[in-house]
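Student: The structure's right below; bear with me while I get my questions together.
The values are calculated or read from the model by the stated rules, or taken from the named source; none is laboratory data. Owing to the predicted nature of the structure, the values given are computational and were not obtained by experimental measurement. Glycine gets a Cβ as well: all are built from the backbone with ideal geometry, and neighbour counts include every protein chain shown. Quick note on the areas: whole protein, heavy atoms, side chains included, nothing else; ligands and nucleic acids left out. Shrake-Rupley method; radii C 1.70, N 1.55, O 1.52, S 1.80 Å.
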Amino acid sequence: MDTPSLPRLRHAAFAIWARNMLVLRKLMGSSIVINFGEPLLYLLGLGYGLGLFIGGQLDMPYMTFLASGILAASAMNTASFEALFGVFTRMVPQKSYDAMLASPLEIQDILAGEIFYCATKSLIHGTGILVVATALGAVSSWSALWVLPILFLVGLTFAALALIMTSMASSYASFSYYTTLVMMPLMLMSGVFYPIAALPELMQKILYGLPLIHAVQLIRPLMAGLPVTDVALHLAVLAAYGVTGYWIAFRQIRKRLHV
Amino acid sequence: MKPVVDIRGLTKRFGERIVLRDLDLQVPPGVCFGVLGPNGAGKTTALRAMLGLTPVSDGTIHIFGQPMPAAGRTVRARCGVVPQADNLDPDFTVIENLRVYARYFGLSRIDVESRIQALLGFVELTDRADSPIATLSGGMKRRLTIARALINQPELIILDEPTTGLDPQVRRMIWARLRALREEGRTLLLTTHYMDEAERLCDQLVIVDHGRVLEHGSPRDLIHRHVEPEVLEVRGAAERTAAVLVDIPGARIEQIGDIHYCYTRDARSLLATLEQHRDLTFLHRPSNLEDVFLKLTGHELRD
Ligand SMILES: Nc1ncnc2c1ncn2[C@@H]1O[C@H](COP(=O)(O)OP(=O)(O)OP(=O)(O)O)[C@@H](O)[C@H]1O
Ligand SMILES: [Mg+2]
């Protein structure tokens, strides 16, 4: 068995992606309300209220600021939840991976397919948010369409990171550590709801070493029609987290399945 | 002819524990080959090793002449697998399970659609094509798992306890299908705890225990080689039975629980003795593979 330093993407991975998409299609009807309802709730519920306090200090309408943050955070949440609960369900109680591995598929194909699927969900969910945000007048430029591929990339990154947790989990119970100790703090402190200038300097430094703020800083100027700065840095941090996450998760899952 | 499966000196450890020790196994093409062994003998582990699903500690495995696990993907593309525990996809219906599994083999939807219909017919699930997996009985799930294993038209079909937990009707139906597959020239490798199943289906078999092959041959050979042709199972209070059977010449006697098994080439004197002891019940039958199995693997419980 080879040990790739980079994720390997073979055509075979799309069989896994297609499998999951087929399940998603079956559930699409019931999830459409959530897809549009949740961002609407956030934007209306927080946007008008918080806008009164924060709005004045920004170079864009608070609704645009908030919509950008929520886009990034939801890409993280959507991909993470699928990579935690969805992947664990297929790997452990359903034993779906055992069935897949009896075919020509290998663990790398399964993981690549899963991560692509998680990112696809981030993209679908994000598209819903973008539509709602546009309807609420929060989008001020066509450059906002560039947000879509970025949401996909953010989905890849956070899916790979969450897979580390999944690869080590013995039950669903361990996932609440990840959601409360990793996802929640990232969402509250990465400039999703308010500018990080409000935070102590040290904290800001730490935040730049973490992935979510880079997603926010790519998405926000695109939504507002402002120039994007440090593109290469943001992309590099997201990619580095994604590749590292994949690599660790792959080794753990191989140990777990190939016993 | 070159064997389809060629395993030599296979050793597998789980930590300190040796599960397969120096195991040799050759399966010629076109036969139905059985692997018998008590619980924990290492049957499933050996099958997983063959498919490249578990690393081995020592030895070589060739399937279709190709080395495993190096040739894993190409070999698995030519194999069908029925695992010991069902792992059908609960998110899908019967027919979707087959379609989705076909994709794992890189088969396109158009190519397999008529094959899927044929397979549903083969395992008599045509009218359940759109049923969710959760609504199937154990026997239906097993039949679907067999159909799924045939989706890629495999040359080698590996079945890990294909009929465990199924009723006699389903077992017979599955036997008939497995024989049909063998008639088509495919090679079958199956494990089972049912000696009648092995006797009926298998051209050749091995008996393994503690990860080692104890015996190899056709069911008839093995019976001939290891046990006397006739058996009397005598039931009654252990001491009483032992006293009656104490000086019967030419009989080999084994006791398991409250039953004494008397193996003999000629049961006449035994029968005459037992006629005089009406308080003992007995059963006179020809010996079978189960007698061989018990003789070779002993009577202690495993696991
Ligand atoms: N992942 C594992 N870690 C440690 N030991 C294992 C593992 N899997 C199997 N074993 C041990 O290896 C031995 C062989 O197991 P295996 O499942 O191959 O037996 P088997 O012949 O298929 O038994 P059964 O008839 O009950 O299915 C058993 O003692 C089992 O406890
Ligand atoms: Mg087994």
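Student: Given a 1.4 Å probe and the protein chains all in place, what does the accessible area of B:Thr74 round to, in Å² to the nearest 10?
Tutor: Here the accessible area works out near 80 Å².
Student: Placing +1 at every Lys and Arg Cβ and -1 at every Asp and Glu Cβ, with all other atoms neutral, what dipole size does the stretch A:11-257 have around its Cα centre, in debye to the nearest 20?
Tutor: Charge dipole, the stretch A:11-257, about its Cα centre: 580 debye, nearest 20.
Student: Go ahead and estimate [θ] at 222 nm for chain A from helices alone: -39,500 (n - 2.57) per DSSP H run with n ≥ 4, summed, over the residue count, rounded to 500.
Tutor: -23500 deg cm²/dmol
Student: Among B:Leu47, B:Ile116, B:Val227, which residue has its Cα positioned farthest towards the positive end of the charge dipole of chain B, with +1 placed on the Cβ of Lys and Arg, -1 on the Cβ of Asp and Glu, and the dipole taken about the Cα centre?
Tutor: Ranked along the dipole, the leading option is B:Ile116.
Student: Restricting to Cα pairs below 8 Å that are 6+ residues apart, what does the relative contact order work out to for chain B? Please round to a whole percent.
Tutor: The normalised contact order for chain B reaches 20 percent.
Student: Over all alpha-carbon pairs of the protein assembly as shown, lay out the pair-distance distribution in 20 Å bins, whole %, shortest bin first.
Tutor: With a bin width of 20 Å, the distribution comes to 18, 39, 26, 12, 4, 0.
Student: Of B:Val206, B:Ser131, B:Val170, whose Cα points farthest to the positive end of the dipole of the stretch B:5-224 (charges on the beta-carbon: +1 Lys, Arg; -1 Asp, Glu; origin at the Cα centre)?
Tutor: The residue sitting farthest along the positive end of the dipole is B:Ser131.
Student: Just to confirm a number: summing +1 for Lys and Arg and -1 for Asp and Glu over residues other than B:Met173 whose beta-carbon lies under 12 angstrom from that of B:Met173, what do you get?
Tutor: Overall, the nearby charge balance is +4.
Student: Let me ask something else. Would you jot down the residues in the stretch B:78-98 that end up with at least 20 Å² less accessible area in the complete protein assembly than in the chain alone, with a 1.4 Å probe?
Tutor: Listed in order, they are B:Val81, B:Asn87, B:Asp89, B:Pro90, B:Asp91, B:Phe92, B:Glu96.
Student: Whole number in Å², please: accessible area per residue of the protein assembly as shown, 1.4 Å probe, ligands, DNA and RNA not counted.
Tutor: Result: 44 Å² of accessible area for each residue.
Student: Ignoring ligands, DNA and RNA, how much accessible area is buried between chains A and B, both sides summed, with a 1.4 Å probe, to the nearest 100 Å²?
Tutor: Adding both sides of the contact gives about 2200 Å².
Student: In the stretch B:228-286, how does Rg compare with the Kirkwood Rh, expressed as the Rg/Rh ratio over alpha carbon atoms?
Tutor: 0.90
Student: Just by accessible area at a 1.4 angstrom probe, what is the order of B:Glu199, A:Glu114 from largest to smallest?
Tutor: The ordering from most to least exposed comes out as B:Glu199, A:Glu114.
Student: Starting from the amide H of B:Leu20, placed 1.01 Å from N in the peptide plane, find each other amide H under 5 Å away whose residue is 5 or more places distant or on another chain.
Tutor: Sorted by chain and number, the residues that satisfy this are B:Lys12.
Student: Among all helices in chain A defined by DSSP H, which have a length of 24 Å or more along the axis from Cα atoms plus a Kyte-Doolittle mean of at least 0.5?
Tutor: Span-like helices, by this rule, are A:13-54, A:62-81, A:107-135, A:147-168, A:231-257.
Student: How crowded by other chains is A:15-24, given as the mean number of beta carbons from other chains within 10 Å of each beta carbon?
Tutor: 4
Student: Could you report the accessible area of A:Phe14 in Å², rounded to 10, computed with a 1.4 Å probe on the protein chains as they sit in the structure?
Tutor: 80 Å²
Student: Also, quick follow-up: Quick check on the stretch B:128-200: take the gyration tensor over C-alpha atoms, sort the square-rooted eigenvalues as a ≥ b ≥ c, and tell me if it's rounded (a/c under 1.5), prolate or oblate.
Tutor: Oblate.
Student: Using only the Cα atoms of the stretch B:5-224, what are the Rg and Dmax in Å?
Tutor: 17.2, 52
Student: When the helices in chain B are scored as -39500 (n - 2.57) per DSSP H run of 4 or longer and the sum is shared across all residues, what 222 nm value do you end up with, to the nearest 500 deg cm²/dmol?
Tutor: After summing the helix terms and dividing by residue count, I get -10000 deg cm²/dmol.
Student: Something else: Highest mean first, what order results for B:232-240, A:205-213 on Cβ atoms within 10 Å?
Tutor: A:205-213, B:232-240
Student: Another one. Taking the C-alpha atoms of chain A, how large are the radius of gyration and the largest Cα-Cα span, Dmax, in Å?
Tutor: 18.5, 60
Student: A follow-up question, please. Share of the stretch A:64-115's accessible area from carbon and sulfur, percent, 1.4 Å?
Tutor: 64 percent
Student: Ok, one more. Of all the accessible heavy-atom surface of the stretch B:228-286, with the other protein chains kept in place and a 1.4 Å probe, what percent is carbon and sulfur?
Tutor: 53 percent
Student: Hey, can you grab everything whose amide H is under 5 Å from the amide H of B:Val208? Only 5+ residues off in sequence or another chain; H modelled, so Pro and N-termini drop out.
Tutor: Long-range HN contacts for B:Val208: B:Leu36, B:Gly37, B:Leu214.
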